[in-house]
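This report refers to the structure that appears directly beneath it.
Nothing in this text is a laboratory measurement; each read-out follows from the coordinates by a stated rule. Nothing here was measured: the structure is a model prediction, and the numbers come from that model. Note: ideal-geometry Cβ built from the backbone for every residue, glycine included; neighbour counts use all protein chains shown.
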Amino acid sequence: MGYNRFLSNCPVFDTESWDILDELSFLIERGYDKVLIQSDCLEAVIAIQTNSLERSNYVLIRRIHQMLSRFKQLNIRHTFREDNKETDRLSINTIRTHILELNAE
């Protein structure tokens, strides 16, 4: 979403974590109470599942946990990059829909 214009040389972990945070914020704004997070970044999945704060960007993981507490049902899983192509396609469609909704307002 909008964060990518600021992340030129960030590690995959940080980029994926920011992406997850943005997506969670979008879902909360839309009133969803269930979330499925699929990521091909195993490090990010483990950090979120285990509440691992050993990374330098632990504030970001803590913020993700705060947002996750708003959902009644959540599932976080690792997917392989090849399997994540469908998720990427759906994410792009969601963003396009969001942009169309904003333009219609």
Fill in: More than 19 angstrom apart: percent of Cα pairs within region 11-84
28 percent
Response to the item:
FRET efficiency for L68 and V12 from the Cβ-Cβ distance with R0 = 22 Å, rounded to 0.05, comes out at 0.60
Discussion item. Sort 26-32, 11-17, 39-45 by the packing proxy (mean of other Cβ within 10 Å over each peptide's residues), most packed first.
Written reply: 39-45, 11-17, 26-32
